[in-house]
Amino acid sequence: MRLDGQTAIVTGAARGLGRAFAHHLAGLGANVVVTDLDFAQASAFGEELSAETVAEEIEQLGGSAQRIETDLTKPASARALVEACLDRFGRLDILVNNAGGNLVPVERSSPSCVLEEDAWAAMDLNFMTALQCSQAAIPAMKARGKGVIVNMSSASARFISAGGSSALYGAAKAALTHLTRSMALELGPHGIRVNAMAPGLIWTSRVKAQSEARGIGRAADVGRVPLGRYGTPEDCALVLEFLVTDLSRYVTGQCISVCGGTQLTAA
């Protein structure tokens, strides 16, 4: 289904999932505002772009995009992002809260040893960015009587990693999943749908670059995935299409697992 004339914001869009989301929405006809803390991240992880940034890639393909480099852990930055979107395109229909990541080193990510600064950083990046961007976007959506917010949760919100590792990342994503349901209940009467997506292991450039060091995404482990392969950013982009179009017009407050069936097995 097309999104012609609509405008979307995608956070964490320099590479990986965010880049795939931005391209897919632009391919459906949406104007796309792409934002990230650092648009040089793609090259840092060996992800090849056809232009300097994802915004330029979209424009080269005939789409309309705006690039905003900012730190969304700051509430003022989230408000400025939405204001810039409205100034450029005059409307905001879709917000994809994709910014986040599991950045705490594995060896100090279990509950008994996680550092306070790591805990706050995990919550800021994976929960507060989504909350603050949503709060900034909601007034514009309410004014139109329509809107869609998609939050990126994770399979880590639903299962416990070996030894309790990645505890704060999972906790932050679980909090985001709960927030999704609360927002859906509050905003439904205003015509705003809110859903989440919970990917399993997705073969992004960062996962590829860090798989051995973090003990994830190894070829020997792929047999644990019922569908027999790791996910791709495009797999998630297709689910995003469902969530932001009228294909899901009567769906809100849900968290869709995109894990190839991994969550069907015991942790």
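The values are calculated or read from the model by the stated rules, or taken from the named source; none is laboratory data. Bear in mind that the values here come from a model prediction, so they are computed numbers and not experimental data. Counting neighbours? That spans all protein chains shown, and the Cβs are built from the backbone with ideal geometry, glycine included. Ligands, DNA and RNA are excluded from the accessible area calculation, which covers all protein heavy atoms including side chains. Shrake-Rupley method; radii C 1.70, N 1.55, O 1.52, S 1.80 Å.
Give the angle, between 0 and 90 degrees and rounded to the nearest 10, that separates the Cα long axis of helix 233-244 from the longest principal axis of the Cα atoms of the chain.
It is inclined by approximately 40 degrees.
What FRET efficiency comes out for the pair E48/S182, r = Cβ-Cβ distance, R0 = 51 Å, nearest 0.05? Display every interim value, and only then the final one.
On the way: r = 40 Å, r/R0 = 0.78.
Taking R0 as 51 Å, the efficiency between E48 and S182 is 0.80.
Taking the Cα centre of region 60-142 as origin, sum charge times position over the Cβ atoms of Lys and Arg (+1) and Asp and Glu (-1), and report the length of that vector in debye to the nearest 20. Kindly include the intermediate steps, with their values, before the conclusion.
Numbers: 7 positive and 10 negative charges, 88 e Å.
Charge dipole of region 60-142: 420 debye, to the nearest 20.
Using only alpha carbon pairs under 8 Å that are at least six residues apart, calculate the relative contact order of the chain and give it in whole percent.
Values: 521 pairs, mean separation 51.5, N = 267.
Once divided by the residue count of the chain, the mean separation gives 19 percent.
Counting just the Cα atoms, what span does region 40-106 cover along each of its three principal axes? Round to the nearest Å and put the largest first.
Principal-axis extents of the Cα atoms in region 40-106, largest first: 42, 32, 17 Å.
How much net charge surrounds A51 when only other residues with a Cβ under 9 Å from its Cβ are counted (Lys, Arg +1; Asp, Glu -1)? List each step's numbers first, then the result.
Numbers: positive: none; negative: E52, E56, E57, E59.
Charge balance near A51 sits at -4.
Leaving ligands, DNA and RNA out of it, work out the accessible area of H24 with a 1.4 Å probe and give it in Å² to the nearest 10.
Only protein atoms counted, so the area is about 50 Å².
Any lysines with Cα under 26 Å of the K142 Cα? List them, leaving off those in the same chain fewer than 8 positions away.
K74, K173
Out of every Cα pair in region 32-166, what percent are spaced more than 26 Å from each other?
Counting pairs separated by more than 26 Å, the tail of P(r) holds 34 percent.
Treating the beta-carbon of each Lys and Arg as +1 and of each Asp and Glu as -1, no other charges, what is the dipole magnitude of the chain about its Cα centre, to the nearest 20 debye?
Numbers: 23 positive and 26 negative charges, 172 e Å.
Dipole about the Cα centre, nearest 20: 820 debye.
Over all directions, how big on average is the projection of the convex hull of the alpha-carbon atoms in region 124-174, in square nanometres? Please report the intermediate quantities before stating the final value.
On the way: hull surface 15.0 nm².
Average of the hull's projected areas for region 124-174 equals 3.8 nm².
What chymotrypsin sites (Phe, Trp or Tyr not before Pro) in region 1-84 are in a loop by DSSP, with at most 16 other Cβ atoms within 10 Å of the Cβ? Kindly include the intermediate steps, with their values, before the conclusion.
Numbers: sites: F21, F39, F45; in loops: F39, F45.
Here the chymotrypsin sites (Phe, Trp or Tyr not before Pro) that fit, given the DSSP loop and packing criteria, are F45.
Work out how far the C-alpha atoms of region 221-267 reach from end to end along every principal axis, then list the three figures in whole Å, largest first.
Ordered largest first, region 221-267 gives principal extents of 36, 22, 11 Å.
With unit charges on the beta carbon (Lys/Arg positive, Asp/Glu negative), name the residue among A121, L131, L3 whose Cα is farthest towards the positive pole of the charge dipole of region 1-133.
L3
When the gyration tensor of the chain is built from Cα positions, what are the square roots of 5 times its three eigenvalues, in whole Å, from largest to smallest?
28, 20, 19
For region 83-125, with the dipole built from +1 on Lys and Arg beta-carbon atoms and -1 on Asp and Glu ones, taken about the Cα centre, which of P111, G100, F89 lies farthest toward the positive end?
F89
Taking the Cα centre as origin and putting +1 on Lys and Arg beta-carbons and -1 on Asp and Glu beta-carbons, what dipole magnitude results for region 123-257, to the nearest 20 debye? Numbers along the way, then the final one.
Working: 14 positive and 8 negative charges, 17 e Å.
Dipole about the Cα centre, nearest 20: 80 debye.
How many nm separate the modelled label positions at E117 and A40, each set 7 Å beyond the Cα in the direction of the Cβ?
2.2
Sticking with the crude label model, points 7 Å out along Cα→Cβ, report the distance from E69 to E107 in nm, one decimal please.
For the pair E69/E107, the computed spacing is 3.2 nm.
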